[in-house]
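Heads up, the thing below is written out as structure tokens.
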Amino acid sequence: MFTGIIEEVGRIERISTERGNLRVGIKASEVLSDVKVGDSININGACQTVIETDPVSFTVEAVEETLKKTNLGQLKRNDSVNLERSLRFSDRLGGHLVTGHVDCVGKVKSIFKKNGSFLYEFELPDEYSAYLVEKGSVAVDGISLTVVGAKENSFTVSVIPFTLQNTTLGTKRVGDQVNIETDLIGKYVERITTSKKDRTEITEEWLKEKGW
């Protein structure tokens, strides 16, 4: 589990393909302070397991399902990536609960400067729009952001200069792809409310039985 607060931007040092999987070596500093083999690190929004470490980098191996669901397969040597170590119980939850399980790949639709911030609009597949609500949370390339507005197949977020300077979002241009993870709570609510065959059967008593 993660918070969507990026700890540092790492750099792709090496990439190779083995048995259809993608092995990626990432140069970093902050996240290496206590990383060990078997740890989870969020890379551009995708939770990956550390399989090797050395004093200046760590290696992960992205499997076929990850490559289908994310844009990690497009990474190239020297590309920058957002990095966050997994959440500890003693940590502050500065962003929101992020699982590192990417829902889909979206695309930057527009970027507008608005006073002291920037308004980014992202396109995404229609089936994920239901999980996005105004003032709700979303993770874009692993960055916890607040939804400003939500449409049928796109949403907007307001981004401050600090975020642009300390994540890869500042390098994104219109048309670039991003990994999107919608809010975990919305998925559970949908699962509970659609577990009955007829939604009209949902009553106050039924919700209480389900713990709401």
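Kindly provide the set of residues from the range 32-65 that are of a type in the set (D, E) and either within 17 Å of V178 (Cα to Cα) or part of a strand (DSSP E or B) (or both), ordered by number. Those that are of a type in the set (D, E) and either within 17 Å of V178 (Cα to Cα) or part of a strand (DSSP E or B) (or both): E52, D54, E61, E65. Among the residues that make up the range 94-113, is at least one of them under 17 Å from G4 (Cα atoms) and without any contact (Cβ under 8 Å) to a residue 60 or more places away in the chain? Checked the range 94-113: no residue is under 17 Å from G4 (Cα atoms) and without any contact (Cβ under 8 Å) to a residue 60 or more places away in the chain. What about R85, is it charged (D, E, K, R) and over 19 Å from I6 (Cα atoms)? Against the criterion (charged (D, E, K, R) and over 19 Å from I6 (Cα atoms)), R85 does not qualify. Checking every residue in the range 79-99 against the condition of being on the phi > 0 side of the Ramachandran plot and outside any strand (DSSP E or B) gives zero matches. Taken as a whole, the range 136-146 holds at least one residue that is touching an Asp or Glu at 6+ places or on another chain (Cβ under 6 Å), in contact (Cβ under 8 Å) with a residue 60 or more places away in the chain, assigned to a strand (DSSP E or B) and over 30 Å from I15 (Cα atoms).
State whether one or more residues within the range 66-75 are in a loop (DSSP other than H, G, I, E, B) and surrounded by fewer than 21 Cβ atoms within 10 Å (Cβ to Cβ). Yes; the residues of the range 66-75 include at least one that is in a loop (DSSP other than H, G, I, E, B) and surrounded by fewer than 21 Cβ atoms within 10 Å (Cβ to Cβ). For the range 134-161, the candidate set comprises residues that are of a type in the set (A, V, I, L, M) and farther than 21 Å from V102 by Cβ; within that set, the residue that is surrounded by the most Cβ atoms within 10 Å (Cβ to Cβ) is V148. Scanning the range 167-212 for residues that are of a type in the set (V, I, T), surrounded by fewer than 16 Cβ atoms within 10 Å (Cβ to Cβ), modelled with pLDDT of 95 or more and outside any helix (DSSP H, G or I) yields a single hit, V174.
One residue stands out in the range 76-97 among those that are modelled with pLDDT of 95 or more and buried (at least 18 other Cβ atoms within 10 Å of the Cβ): the one that is nearest to T163 (Cα to Cα), namely N82.
Candidates in the range 27-44 are the residues that are in contact with a strand residue (DSSP E or B) (Cβ under 8 Å, 6 or more places away or on another chain) and among the hydroxyl-bearing types (S, T, Y); of these, the one that is surrounded by the fewest Cβ atoms within 10 Å (Cβ to Cβ) is S29.
Scanning the range 92-140 for residues that are of a type in the set (V, I, T) and under 16 Å from the mean Cα position of the chain (by Cα) yields V98, T99, V102, V105, V108, V138, V140. Note on the range 16-26: residues that are in a strand (DSSP E or B), surrounded by fewer than 16 Cβ atoms within 10 Å (Cβ to Cβ) and either touching a residue at least 12 places away in the same chain (Cβ under 8 Å) or in contact with a His (Cβ under 7 Å, 6 or more places away or on another chain) (or both) amount to 2.
What about D126, is it out of contact with any Cys (no Cβ under 9 Å at 6 or more places or on another chain) and crowded, with 16+ Cβ neighbours inside 10 Å? In short, no. Restricting attention to the range 148-157, the residues being touching a strand residue (DSSP E or B) at 6+ places or on another chain (Cβ under 8 Å) and either closer than 19 Å to Q177 by Cβ or in a loop (DSSP other than H, G, I, E, B) (or both) number 5. Of the listed requirements (1) touching a Ser or Thr at 6+ places or on another chain (Cβ under 8 Å); (2) loosely packed, with under 14 Cβ neighbours inside 10 Å, V63 misses just one: (1).
The values are calculated or read from the model by the stated rules, or taken from the named source; none is laboratory data. Model, not experiment: these values are computed from the prediction. Neighbour counts run over all protein chains shown; Cβ positions are idealised from the backbone, glycine included.
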